[in-house]
Amino acid sequence: MADRQLRKRIRLELQELGVQPPLRIDELRSALAAQRDRPILIRRVPLPMPGPVGFWLDLPDADVIVVQERTTQLHQDHIILHELCHLKADGPQASPWGDLTPGFGLEGGRCSYLDKEECQVEKAATIIMEWASVLEQVGPPPAADPAVRSVNLALGDRQGWL
């Protein structure tokens with residue numbers, strides 16, 4: 001998928017989820033959890049290095065995103081967005097994690113972006129992160145009143161995702 005098409009698709013999907021700028025990852029997580037009708041939990045743990053910095057566990061009662069805690073907050077946010085994009089796409093989880101997740105019977109685990117789907121998910125996470133960062137820097141803080149926020153969004157000239 002071309003970048004322009006991907007940006008348009010992301011914009012539409014964020015709008016469908018009711019996510020409004022400035023982007024808060026926890027709000028995106030909550031909206032996606034509501035859409036999927038199951039909790040999405042974030043767990044920050046000290047993962048072995050070198051190795052994956054994050055992964056998604058598709059458990060029977062919840063989705064769990066595991067994130068490397070020994071990295072910057074910005075990197076953790078990107079990892080979470082990457083995994084949320086997998087959930088939105090309902091993509092595969094990849095190869096067995098062995099001793100990292102004993103007894104879960106997981107499939108998957110990619111550490112490179114040679115896979116086309118993995119590359120698309122990475123691009124999507126990067127696009128969302130860029131939009132969130134730019135809007136945080138140039139936009140006014142959101143109004144507390146949802147009605148005022150709607151008017152500001154309708155009248156605002158925001159570039160990017162909404």
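Based on what the data block shows, is Arg9 of a type in the set (D, E, K, R) and modelled with pLDDT of 90 or more? If you could, list the steps in order and put the result at the bottom.
On the way: of a type in the set (D, E, K, R): yes; modelled with pLDDT of 90 or more: no.
Against the criterion (of a type in the set (D, E, K, R) and modelled with pLDDT of 90 or more), Arg9 does not qualify.
If the Cβ limit is 6 Å and pairs must be 6+ apart or interchain, which residue in the stretch 20-34 that is of a type outside the set (Ser, Thr, Tyr) pairs with which residue that is surrounded by fewer than 17 Cβ atoms within 10 Å (Cβ to Cβ) and assigned to a loop (DSSP other than H, G, I, E, B)?
Pro21/Leu162; Ala31/Gly18; Ala33/Pro39
Got a sec? Which strands (runs of 3 or more DSSP E) wholly within the stretch 1-71 have at least 2 residues that are at negative phi, under 16 Å from the mean Cα position of the chain (by Cα) and of a type in the set (A, V, I, L, M)?
Ranges flagged: 40-45, 63-68.
From the list Asp58, Asp63, which one is modelled with pLDDT of 80 or more and buried (at least 18 other Cβ atoms within 10 Å of the Cβ)? Give the steps one after another, and end with the answer.
Numbers: Asp58 fails: buried (at least 18 other Cβ atoms within 10 Å of the Cβ).
Exactly one residue qualifies, and that residue is Asp63.
Of the conditions (1) touching a residue at least 24 places away in the same chain (Cβ under 8 Å); (2) more than 20 Å from Glu118 (Cβ to Cβ), Asp61 fails just one. Which one is it?
(1)
Examine the stretch 119-126 for a residue that is surrounded by 15 or more Cβ atoms within 10 Å (Cβ to Cβ), at pLDDT below 85 and over 13 Å from Phe55 (Cα atoms), and state whether such a residue exists.
The answer is yes, given that some residue of the stretch 119-126 is surrounded by 15 or more Cβ atoms within 10 Å (Cβ to Cβ), at pLDDT below 85 and over 13 Å from Phe55 (Cα atoms).
The values are calculated or read from the model by the stated rules, or taken from the named source; none is laboratory data. Being a predicted model, the structure only gives us computed values, none of them experimental. Using ideal geometry, Cβ is built from the backbone for each residue, glycine included, and neighbour counts are taken over all protein chains shown.
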